[in-house]
Amino acid sequence: MLLPRPTLTHVCQLNVDLDPILEMGAGRAGKRRIIPIIGGQVTGERLSGHLLNLGADWQTIFHNGLAELDTRYAMETNDGAIIEITNYGYRHGPTEILDAVARGDDVDPSSYYMRTHARLETGDARYDWVNRMLFVGVGARMKQSVLVDLYAME
């Protein structure tokens, strides 16, 4: 039996504004750090609005340079719905590329891997569809922000 092949539909782009990194030092699994999420914009045909000034990315950087991304934050749509975003993923690539990303240099996002899977949740009936959908993201790190194109897996 051939099962249906999932398709990806672009939902929005998240332009996530960040405060400076809070370095925690070495933890059980690797270097730990917290990156506060202080706002940003959400643009797209299915979701548009702004990111709220709350949340953070709780990262672990492993000895091989792999960054484990673990974020939780929220958006408010242009029509007033509050939607929670829980986003988990990985960033890795060649050392010289990741060093350039860490410095805040302008780096081609295709030169490294930054992928996520996300869950969205809301109590607003107009956006109930996000409660029943899986999302994947493709990202890029800038000096004080992150871009994520979020896709619904249908």
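The values are calculated or read from the model by the stated rules, or taken from the named source; none is laboratory data. Bear in mind the structure is a predicted one, so any value in this text is a computation, not a measurement. Positions of Cβ are backbone-derived with ideal geometry, glycine not excepted, and every protein chain shown enters the neighbour counts.
Every residue, every condition in (1) over 17 Å from H50 (Cβ atoms); (2) surrounded by fewer than 16 Cβ atoms within 10 Å (Cβ to Cβ); (3) modelled with pLDDT under 95, yes or no:
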| site | (1), (2), (3) |
| --- | --- |
| N64 | yes, yes, yes |
| E68 | yes, no, no |
| G93 | yes, no, no |
| Y127 | no, no, no |
| V130 | no, no, no |
| V136 | yes, no, no |
| M142 | yes, no, yes |
Problem set entry | Residue satisfying all of: in the range 109-153; over 19 Å from E68 (Cα atoms) and among the hydroxyl-bearing types (S, T, Y); nearest to the chain's Cα centre (by Cα) among these | Y151
Problem set entry | Test for V148: is it over 25 Å from A26 (Cα atoms), in contact with a Lys or Arg (Cβ under 7 Å, 6 or more places away or on another chain), part of a strand (DSSP E or B) and hydrophobic (A, V, I, L, M, F, W, C) | no
Exercise. Counting residues that are of a type in the set (G, A, S), which strands (runs of 3 or more DSSP E) fully inside the range 1-113 reach at least 1?
Worked result: 22-26, 31-43, 49-61, 67-77, 82-92
Problem set entry | Among the candidates G49, G89, residue that is in contact with a Ser or Thr (Cβ under 9 Å, 6 or more places away or on another chain) and without any contact (Cβ under 8 Å) to a residue 40 or more places away in the chain | G49
Exercise. Any idea which of (1) within 12 Å of the chain's Cα centre (by Cα); (2) loosely packed, with under 15 Cβ neighbours inside 10 Å is the one G27 doesn't satisfy?
Worked result: (1)
For this session: Name, by its number, the condition in (1) under 20 Å from A102 (Cα atoms); (2) surrounded by fewer than 13 Cβ atoms within 10 Å (Cβ to Cβ); (3) not small (G, A, S) that does not hold for M1.
Result: (1)
Exercise. Restricting the search to the range 116-136, which residues are part of a strand (DSSP E or B), in contact (Cβ under 8 Å) with a residue 24 or more places away in the chain and of a type outside the set (V, I, T)?
Worked result: H117, A118, R119, L120, E121, F135
